[in-house]
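Remarks on the structure that follows.
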Amino acid sequence: MSKPPRSSVSAEVLGLWNQPSDFKAAVVEKDQLTKDKIKQRLKNSFMFQNLEDKEMDIVINAMKEVRAKEGDVIIKQGDKGDDLFVLESGECECYKLFEGDAAEKKLRDYTPGEAFGELALLYNAPRAASIRATED
């Protein structure tokens with residue numbers, strides 16, 4: 001008789017060297033208008049739309065503006081991932097170089113309000129694909 005596949009659960013280990021009280025959220029100074037713009041974008045993003053007000057404020061305060069021009073590489077496949085991006089304006093394309101292929105394959109487009117870069121953060125892994133700006 002075969003058993004069904006096991007499911008897995010993952011959690012961060014807490015101990016003397018890693019206490020929840022050690023966390024200090026980053027704060028990047030910005031005016032109220034900028035905070036309001038970020039909040040509007042985040043409310044439309046599936047990853048952030050269900051955050052409580054206090055959690056939303058932590059995310060908004062930690063965010064910084066990054067400007068990219070058409071053709072700029074925002075994320076490069078294989079690089080270490082330290083940031084998550086929420087697109088305010090413009091457009092981006094996602095490309096991936098699969099093993100054995102000579103050229104990258106386009107996977108999708110990103111439009112304002114969408115987030116990318118979360119996989120490297122969630123799984124503590126290198127960037128899985130590249131993101132390029134296709135519009136300022």
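The values are calculated or read from the model by the stated rules, or taken from the named source; none is laboratory data. Please read these numbers as outputs of a predicted model, since none were measured by experiment. Virtual Cβ from ideal backbone geometry, glycine too; neighbours counted across all protein chains shown. Only protein heavy atoms, including side chains, enter the accessible area calculation; ligands, DNA and RNA are left aside. Shrake-Rupley method; radii C 1.70, N 1.55, O 1.52, S 1.80 Å.
Ranked highest first by the average count of other Cβ atoms within 10 Å around their residues, in what order do 109-118, 44-53 fall?
Those peptides, ordered most packed to least, come out 109-118, 44-53.
At 7 Å along Cα-to-Cβ for each site, give me the label-to-label distance between VAL27 and ILE58 in nm.
1.5 nm
Once the whole set of protein chains is in place, how much accessible area is left on LYS76, using a 1.4 Å probe, in Å² to the nearest 10?
Surface open to solvent at LYS76 totals about 120 Å².
Stokes-Einstein D for region 14-136 at 25 °C, 0.890 mPa s, Kirkwood Rh over Cα pairs, in µm²/s?
Answer, rounded: 153 µm²/s.
Just to confirm a number: summing +1 for Lys and Arg and -1 for Asp and Glu over residues other than LEU121 whose beta-carbon lies under 11 angstrom from that of LEU121, what do you get?
-1
Can you send over the solvent-accessible area of LYS37, 1.4 Å probe, protein chains only, in Å² to the nearest 10?
Answer for LYS37: close to 100 Å² accessible.
If you average 1/r over every pair of different alpha-carbon atoms in region 75-136 and take one over that average, what Kirkwood value in Å do you get?
Hydrodynamic radius (Kirkwood, Cα only) of region 75-136 equals 12.0 Å.
How much length is gained on full extension from PHE98 to GLN40, taking 0.36 nm per residue of separation minus their Cα-Cα distance?
17.3 nm
Report the full-extension gain for the segment ALA115 to ASP136: residue separation times 0.36 nm, less the Cα-Cα distance, to one decimal in nm.
5.9 nm is the gain from fully extending ALA115 to ASP136.
Give me the 1.4 Å probe accessible area per residue for region 71-136, excluding ligands and nucleic acids, in Å².
Solvent-accessible surface per residue comes out at 60 Å².
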